[in-house]
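Just below is one structure, and these are the notes that go with it.
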2 protein chains.
Amino acid sequence: MNSGQPAPGSQASLRESNRLRVLDALRVQGAMTQVEIAGQTGLSPATVSNMVKELDASGAVELAPSIRNGRRAVLVSLATGNTLLAGIAFGDRDVRVAIGTGPRDVLASQRMPLPADHPADEGMERAARLVHDLVEKVGKSMPDVKAVCLGLPAPVDSVSGQVGSEGILPGWRGVAVASEMEGHLRAPVVLDNTANLAALGELKCGALQGIEHGVYIKLSYGVGAGLILGGELFRGSAGTAGEIGHLTIDENGPVCRCGNRGCLETFIGSRALLDALTPTHGALSLREVVARALDGDPGCRRVLSDAGRHLGVAVAGLVNLVNPEVIVLGGLLSRVGEVITAPMLASLERCAIPSAAASVSLRPPQLDTDADVVGAIAVAEERHAAAEGLTAALAAPT
Amino acid sequence: MNSGQPAPGSQASLRESNRLRVLDALRVQGAMTQVEIAGQTGLSPATVSNMVKELDASGAVELAPSIRNGRRAVLVSLATGNTLLAGIAFGDRDVRVAIGTGPRDVLASQRMPLPADHPADEGMERAARLVHDLVEKVGKSMPDVKAVCLGLPAPVDSVSGQVGSEGILPGWRGVAVASEMEGHLRAPVVLDNTANLAALGELKCGALQGIEHGVYIKLSYGVGAGLILGGELFRGSAGTAGEIGHLTIDENGPVCRCGNRGCLETFIGSRALLDALTPTHGALSLREVVARALDGDPGCRRVLSDAGRHLGVAVAGLVNLVNPEVIVLGGLLSRVGEVITAPMLASLERCAIPSAAASVSLRPPQLDTDADVVGAIAVAEERHAAAEGLTAALAAPT
């Protein structure tokens, strides 16, 4: 039963293939004129014209008058029903923004580097500019953005709406992020932690789909975890659940940026890894360490493998406490694969309750470093649906 | 509006007070003849006779023919509608059994000491005998017991139905506890961990009532935790969630009975505490340590206070990962109160993410050491309700 699928090589199959080429081009490039679509897809202007008419009639694309090179033109864009959602995810060194109509329907995304320890104002201004650019790129305007979720790589206190630690992300300390960002974007902004958001992204459309109890560990400049419990993102009573990076590994260990001693991050955070390599390798960036490890550099591999071993001890604690069925290891460092996962699993087996260790399996992420912005769009979608539901409830006769 | 409440001092108030005296006596003493009730309550035989007639008519008590001192007699017992539930909780040195009609309606309970490292057979036989005794005491027979929950102070693997570690409770290793116990009791038996059951007991009728995300920590010969997440007991994917006792505190620390090194239990388990006191205090039992600490003995207080400090580090990890709103510290050692809780809270504040530490509060337990058997009756009740539901579904027309 190939219902709905045209036979290969037929007229219908050719039209379907052209249709997908046009839609893909619009997804990647954003809004375009028909001439630009023809240039991008290699289809003839006549074919594009017919296809756009068909897509417009079926509601798959939208047409909007615009100006291109000083002339009036009609821009073709993917249909969004005038509801755009934005996801913003800050890393320690960058910000990534995506807009879409849902977590599975990202229309455009972009990444911009940021200086380490940037002030919150600078980060928020750049993120807001990216949102504006992307909205324009898909041929929409800012009032179409109905909800935004902004992720930070730090514990986020859902009660105060601020970063829940004085020392982590010092440039953002005491800043009322959501309300300032609402000033930039004129849309409701929800705050969350990027490890939580990445867990949600993998739950909605990645490696955690259909999982009852799972953990996403984000291993990048710092380390955090997002918990999926009972098939939903679990944030705890104040939004800070999953803070594996600040588990105490050694009470008398090095002082951590959070103010405690011997946190997991003091052993496997970027500062510890890069400092360990400085005497032999000079000043490297974390991305360079990952690239060299993949190229076989023994020092870089050793430092990452030791990080995996320490991570495994903390993950064993998490497994003892939460007893998940699946762990997904994501984030920049996860790209080195077994260099980290093999020692991590060895520590896990050594340190966790046997039956808990036996019931958990490790899966690779499916969304790479986009998991958090995808999750952010999912949170924005929930926020928008809740607001719509409220509006509907208020409008309903009593 | 004092609806239903008789005015104080009135005839009705006197009758109500007599009624409660009779019911309380039956709850505490189990099934009795009317002569015995009169002896226990101090009421006249005529008053008891009238009261029992009234209680029987309203369905609050049940009458059953029996033999007392070689004569035929009628035993009066609390009405249970022929549905009894049994809860069994093993400690490292004892077993406690309770029977009732629900977690709030315990009819009778009893504790029996057990030798340390007893074989499972011996423990199960004693527990079964206690169940038989208590059922008889309340004037019922074994077929009235519809479901049983048995708690062990060890990780319980819900998949295998066995203890989830080779080294913890070695006498119980590889034993199919539920099915063996079903042989003794002829009723379905569910297995769980006693820290989980205590958390459930405090959730159903104690300090965790109405809590969304809470943790019960059971500090006794070992240490375990039960997690309440989303208003329900959270067991994880294989039933072993909450195993705080085997969190690694020091990777190079002492070898633990679970086979790992430097687990929390190697610092605060009974062996560590008693060994620390042997040179100065000689051989003490854990109960003696608690009693002496309450009497002001400085050595006993110091050892328990150090245990509180170590416990706080692990609890900080739990708070970082799960972000609960309430922690209840229960179990034998919790009786010393601030001697343990003050250093525990100090460590928690020092080691947890500030916003997570700020959002959690400590509450004393309300059920003392009965929390686990009460929780066991709650699990038995769920088990029975599920079976009844299944029966009803099977009987229902399709």
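The values are calculated or read from the model by the stated rules, or taken from the named source; none is laboratory data. Keep in mind that this is a model prediction, so the values were computed, not measured. Cβ placement follows ideal geometry from the backbone for every residue including glycine, while neighbour counts extend to all protein chains displayed.
When the criteria are applied in full, B:Cys351 fails the requirement of being free of Cβ contacts under 8 Å to residues at least 24 places away in the same chain, within 14 Å of chain A (Cβ to nearest Cβ) and buried (at least 20 other Cβ atoms within 10 Å of the Cβ). Among the residues of segment B:320-330, the one identified as assigned to a helix (DSSP H, G or I) and polar (S, T, N, Q) is B:Asn320.
Scanning segment B:23-68 for residues that are assigned to a loop (DSSP other than H, G, I, E, B), over 20 Å from B:Asn82 (Cα atoms) and not hydrophobic (A, V, I, L, M, F, W, C) yields B:Gly42, B:Ser44. Tallying residues that are in contact with a His (Cβ under 9 Å, 6 or more places away or on another chain) and not in a strand (DSSP E or B) within segment A:69-89 yields 1. Selection of segment B:92-107 for residues being outside any strand (DSSP E or B), touching a Gly at 6+ places or on another chain (Cβ under 9 Å) and within 26 Å of B:Arg287 (Cβ to Cβ) yields only B:Asp92.
Candidates in segment B:331-348 are the residues that are among the small types (Gly, Ala, Ser), assigned to a helix (DSSP H, G or I) and more than 14 Å from chain A (Cβ to nearest Cβ); of these, the one that is surrounded by the fewest Cβ atoms within 10 Å (Cβ to Cβ) is B:Ala342.
Quick one: which of B:Asp144, B:Asp157, B:Asp121 is more than 17 Å from the chain's Cα centre (by Cα) and farther than 27 Å from B:Ser220 by Cα? So the residue among B:Asp144, B:Asp157, B:Asp121 that is more than 17 Å from the chain's Cα centre (by Cα) and farther than 27 Å from B:Ser220 by Cα is B:Asp144. When B:Val190 is tested against (1) under 16 Å from the mean Cα position of the chain (by Cα); (2) crowded, with 24+ Cβ neighbours inside 10 Å; (3) of a type in the set (Val, Ile, Thr), exactly one condition is not met: (2).
So in segment B:53-93, with the set limited to residues that are under 12 Å from the mean Cα position of the chain (by Cα) and not β-branched (Val, Ile, Thr), which one is surrounded by the fewest Cβ atoms within 10 Å (Cβ to Cβ)?
Checked segment B:53-93; the qualifying residue surrounded by the fewest Cβ atoms within 10 Å (Cβ to Cβ) is B:Gly91.
Looking at B:Val303, B:Val328, just one residue is assigned by TED's automatic domain parsing to the domain that holds B:Glu349, under 30 Å from A:Pro155 (Cα atoms) and buried (at least 18 other Cβ atoms within 10 Å of the Cβ), and that residue is B:Val328.
Residue count for segment A:64-115 satisfying the condition of being within 21 Å of A:Gly330 (Cβ to Cβ) and β-branched (Val, Ile, Thr): 4.
Among residues of segment B:354-372 being within 24 Å of A:Gly245 (Cα to Cα) and part of a helix (DSSP H, G or I), the one that is nearest to the other protein chains (Cβ to nearest Cβ) is B:Ser355.
Filtering segment A:214-237 to residues that are crowded, with 24+ Cβ neighbours inside 10 Å and more than 20 Å from the chain's Cα centre (by Cα) leaves only A:Gly236. Looking across segment A:92-102, the residues that are of a type outside the set (A, V, I, L, M, F, W, C), under 29 Å from A:Gly269 (Cα atoms) and in contact (Cβ under 8 Å) with a residue 40 or more places away in the chain come down to A:Asp92, A:Arg93, A:Arg96. With respect to the conditions (1) over 19 Å from A:Val156 (Cβ atoms); (2) assigned to a loop (DSSP other than H, G, I, E, B), A:Asp117 lacks only one, and its number is (1).
Residues in segment B:111-152 that are farther than 20 Å from B:Gly375 by Cα, of a type in the set (D, E, K, R) and surrounded by fewer than 17 Cβ atoms within 10 Å (Cβ to Cβ): B:Asp117, B:Asp121, B:Glu122, B:Glu125, B:Arg129, B:Asp133, B:Glu136. Within segment A:148-161, the set of residues being touching a residue at least 12 places away in the same chain (Cβ under 8 Å) and either within 15 Å of A:Pro119 (Cβ to Cβ) or in a loop (DSSP other than H, G, I, E, B) (or both) comprises A:Leu152, A:Pro153, A:Ala154, A:Pro155, A:Ser158, A:Val159, A:Gly161.
Of the numbered criteria (1) over 14 Å from the mean Cα position of the chain (by Cα); (2) under 26 Å from B:Ser285 (Cα atoms); (3) of a type in the set (A, V, I, L, M, F, W, C), the one B:Val175 fails is (2). Scanning segment B:203-217 for residues being more than 17 Å from B:Pro103 (Cα to Cα) and either within 8 Å of another protein chain (Cβ to nearest Cβ) or at pLDDT below 95 (or both) gives a total of 2.
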